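The values are calculated or read from the model by the stated rules, or taken from the named source; none is laboratory data. Small disclaimer: the values here were computed from a predicted structure and weren't measured. Here the Cβ positions follow ideal geometry from the backbone for every residue, glycine too, while neighbour counts run over all protein chains shown. With ligands, DNA and RNA removed, areas are computed over all heavy atoms of the protein, side chains included. Shrake-Rupley method; radii C 1.70, N 1.55, O 1.52, S 1.80 Å.
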Amino acid sequence: MKGYLTLRPGKRLSSFHLHRKSIWVTVAAAIATLAVAVISLGMGEMKVSPLDVLKVLIGMGDEQNTLLVQQFRMPRVVVGMLVGASLAGAGAIMQGVVRNPLAAPDILGVSGGASVAAVAFLLFFETVSIKWLPPVAFLGATLIMFLLYALAWKKGVTPLRLVLIGVGIKIAASAVVTMLIMFSPFLLQNKAILWLTGSIYGVSWADARMILPWTIGLLLLAALMARRVNIQQLGDDISMSVGSTVQRDRFFLLLICAALTGTAVSVGGEIGFVALLAPHIAKQLIGPSFGSALPLSAFIGALIVLIADLIARMAFTPIDVPVGVFTSAVGAPFFIYLLYRNRNR
Amino acid sequence: MHALETRQLTLSYGERNIIESLDLTIPRGKITVFIGSNGCGKSTLLRSLARLLKPKEGAILLDGEAIAKRPTKEVAKRLAILPQGPVAPEGLTVLQLVKQGRYPHQSWLQQWSEEDEKMVVKALEATQLTALADRAVDSLSGGQRQRAWIAMTLAQGTETILLDEPTTYLDMSHQIEILDLLYDLNQTEQRTIVMVLHDLNLACRYAHHIVAVHNQSVFAEGNPHDVMNEELVRHVFQMECQITRDPIYDTPMCIPFSKSRLGAGATAGSSGANAEKEEQKIAVHA
C-alpha cells in the first residue's frame, strides 16, 4: 500500500488510510489560496505590498494599511473564498451523488431556485433582517432540487437528459426572477440585478459572518459522509449490496448540496460554473475519492473565485465587473467540452 | 441449513409478475447457476435474493432468517452481489475500488483496520491484481476490470456471493479465467456461489446445481448430469438441440440445431426436429 499513510490511533479504537498525494496537493492548494488572498488584499487603487498585508494580518500593520486591508478589502476576499468553497462543495456532492460529470447546481437550475427565493425575499420582505437570506435561498434551492429529483432521477436518466431538464428549470427560474424585478420599485431593481450577475462587490463583514458558519458547518457535514458518497459513486446496486442506506444518504447529501448552494447564492448571487469546474480539476489531480476530493475542491473553488474577482476588480478599473462574468468565460467553454465528450452516453 | 431459500416468492415489475409463488433452495457451499432465456426473470430472481428488489409477496431466507427483517449492514457481512455491468467513476484505482468492499465492516472511526487491510490484500492476490492496484479501473482491459469488481466483492468477506452474468462481454479466454477463479474460491474456501450464466456448456461445466428458470417459475433444478437434456432446452429456450458429452470434462454439452443452415440435420440423428427441418427444406425448394 505505498502512497498511503495508515493511522491507527488508540489501539483498536480507530483507523484511517490517507492518500499521501491528496494530502500534499490539498496543502499546496491551501497555500496557493492564501497567497492569492494576500496578493488580492494588497491590490487596488492604493497598493499595499504583500509583506505589509501580512503585517496587518498578524496585527502589526500601520493604521492606514489596517483600515484599508481589514475594513475595505478583507470582507470581499473572505466572502469570495467562502462562496467559492461552498459552490465547489455543492458541485462535488452533486457530481458524486448523481454520477453525472455534467451535474452542478448552477447548470441544473438549483442556483436559479435559490435566486428566485432570494430575490423574492429582498423585494417582499424588505424590513426583515438580512440574516434570513441564506435559509431562504436554501429553501428555494431545496424546492428545485426535489422538483428535479421527481422529474428526472427516478428511473436513472442519461446525463444529457438530466441536463436538458435542468436547463429547462433554470430558464423558468430566471424568467420568474425577471418578472419579480419588473414588478418591483426602481431602487431595488438595480440592487437585485447587480446581485444576480454574481458579484461580491460591496460585501461587508456582516455578510462574511453570516455565511461563515454555514459554509464551514456544511462542508464538515459533507466530509463526514465521504464514505457514503464514495459508495454511491459505484451505483445503487453496489451501494445496497454493501449495506449502505442509499436513499436516505442521498436525501441528506442533496439537502447539504442545496444548503451550500443557497449559502453561496445568498451573498454572491449566481456565480456560474465554479461548482462544475472546481470538482473536475480536483478529480483530475487526485482522483474521485470523495474524502480527498471534497477539501481540495473547496480550496480550488475558493481560488477560482479569488482570482476571477481579482481580475474583475483590476482589469477594467474603475469599472468593477461582476466576478460571475469571468468564471463563466472560463467555465462555459469547459462545459461545452464536457457535453461533447459525453455526447454518446 | 440452506444458504438461501425462497418461500412462496412472487416478484413483479408493475402489474406483470416475473416470478410466481416460487419455493427454491440454494445449497450451501456449492456453485449454483441460473439459466434461462432472455427476459425469463433469472436476473430479477438473483437480485431479489440479494434484497436489491423487494418481493411482491413471499419471503427470502438467508441462513434461515428473513432477509428483509435483518439490518442491511448485517446482511452485507454474509451476502454480496455483483450486478451486471457495474461502472466505476473515472480515475478510481483498483485499490480504491476493492477497499470499498469493506464498507459493511467499517465505520467513521474505523476506516482501515488490520482486518480490512488483510482482506483487501488477499482479494487483490486472489484476483492477481496486486501489481495493478494503483491503476485506474477504467484503464484496464475488460477481463481485468471484471476481476477488479470481483475482488471488491471478495473483500466484503461474505460466505455467499451472487454474480449476475459475470462473463458477459468477455472473450472466451477471459470467461474461463473468471469462472476458474470462482471455482477455486468455492473449492478452497467453500463459499456459496450463485450466478447467472448464458453459456449452457460453461454452466454445466462449473455448476454443482443448475436452476432452469422458465415461465415465472423453475422448470427444473439439480445436478447438470441429471437435469440437462433435450427436453429442457426445448422448453426453456424453444430450441432443438442434441446433448452430448464434453470431451474434456464429461459434463453435458448442448449442440443446437440451426434453423437456417440446412443439411446438417441429415447427419445429426433422428429426432422430430429433423423431420421438421426436412419439411422446411422441401418448402424452400418448392
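Remarks
- Test for A:V78: is it at negative phi, part of a helix (DSSP H, G or I) and modelled with pLDDT of 90 or more: yes
- Test: residue in segment A:68-75 that is open to solvent by less than 40 Å² (accessible area, probe 1.4 Å), away from every other protein chain (no Cβ under 14 Å) and charged (D, E, K, R): yes
- Residues (within 13 Å of chain B (Cβ to nearest Cβ) and small (G, A, S)) located in segment A:91-100: A:A92, A:G96
- Going through (1) open to solvent by less than 40 Å² (accessible area, probe 1.4 Å); (2) small (G, A, S); (3) under 19 Å from the mean Cα position of the chain (by Cα) one by one, B:G85 falls short only on (1).
- Among residues of segment A:266-282, those that are in a helix (DSSP H, G or I) and either away from every other protein chain (no Cβ under 14 Å) or free of Cβ contacts under 8 Å to residues at least 40 places away in the same chain (or both), counted: 9
- Given (1) in contact with a helix residue (DSSP H, G or I) (Cβ under 9 Å, 6 or more places away or on another chain); (2) in contact (Cβ under 8 Å) with a residue 40 or more places away in the chain; (3) surrounded by fewer than 16 Cβ atoms within 10 Å (Cβ to Cβ), index of the condition A:Q189 fails: (2)
- Filter result for B:R191 (open to solvent by less than 50 Å² (accessible area, probe 1.4 Å), basic (K, R) and within 30 Å of B:G142 (Cβ to Cβ)): yes
- Flag if B:I210 is more than 14 Å from chain A (Cβ to nearest Cβ) and either open to solvent by less than 10 Å² (accessible area, probe 1.4 Å) or not small (G, A, S) (or both): yes
- Looking across segment A:1-26, just one residue is more than 14 Å from chain B (Cβ to nearest Cβ) and touching a Leu at 6+ places or on another chain (Cβ under 7 Å), and that is A:T26.
- Qualifying residue in segment A:250-259 (condition: surrounded by fewer than 24 Cβ atoms within 10 Å (Cβ to Cβ) and within 14 Å of chain B (Cβ to nearest Cβ)): no
- The sole residue among A:S199, A:S204 that is buried (at least 21 other Cβ atoms within 10 Å of the Cβ) and of a type in the set (S, T, N, Q) is A:S199.
- Of all residues making up segment A:283-306, the number that are small (G, A, S), open to solvent by 10 Å² or more (accessible area, probe 1.4 Å) and away from every other protein chain (no Cβ under 14 Å): 1
- Test result for B:R102, under 24 Å from A:R227 (Cβ atoms), within 13 Å of chain A (Cβ to nearest Cβ), of a type in the set (D, E, K, R) and open to solvent by 30 Å² or more (accessible area, probe 1.4 Å): no
- Within segment B:88-99, restricting attention to residues that are facing chain A (nearest Cβ under 8 Å) and either within 26 Å of the chain's Cα centre (by Cα) or modelled with pLDDT of 95 or more (or both), the residue that is farthest from B:A148 (Cα to Cα) is B:P89.
- Selection within segment B:65-77 - within 11 Å of chain A (Cβ to nearest Cβ) and surrounded by 20 or more Cβ atoms within 10 Å (Cβ to Cβ): B:V75, B:A76
- In segment A:117-132, the residues that are in contact (Cβ under 8 Å) with a residue 24 or more places away in the chain and surrounded by fewer than 24 Cβ atoms within 10 Å (Cβ to Cβ): A:A120, A:L122, A:L123, A:E126, A:I130, A:K131
- Answer from A:L164, A:L220 - the residue that is surrounded by fewer than 23 Cβ atoms within 10 Å (Cβ to Cβ), within 14 Å of chain B (Cβ to nearest Cβ) and within 24 Å of the chain's Cα centre (by Cα): A:L220
- Of all residues in segment A:84-110, exactly one satisfies the criterion of being β-branched (V, I, T) and assigned to a loop (DSSP other than H, G, I, E, B), namely A:I107.
- Checked against the criterion of being crowded, with 19+ Cβ neighbours inside 10 Å, hydrophobic (A, V, I, L, M, F, W, C) and within 14 Å of another protein chain (Cβ to nearest Cβ), the candidates A:A103, A:A29, A:A88 yield just one match: A:A103.
- Output for segment B:7-45, where each listed residue is under 19 Å from B:T192 (Cα atoms), touching a Ser or Thr at 6+ places or on another chain (Cβ under 7 Å) and in contact (Cβ under 8 Å) with a residue 40 or more places away in the chain: B:L24, B:I26, B:R28, B:G29, B:K30
- Scanning segment B:7-64 for residues being part of a strand (DSSP E or B) and surrounded by 15 or more Cβ atoms within 10 Å (Cβ to Cβ) gives a total of 23.
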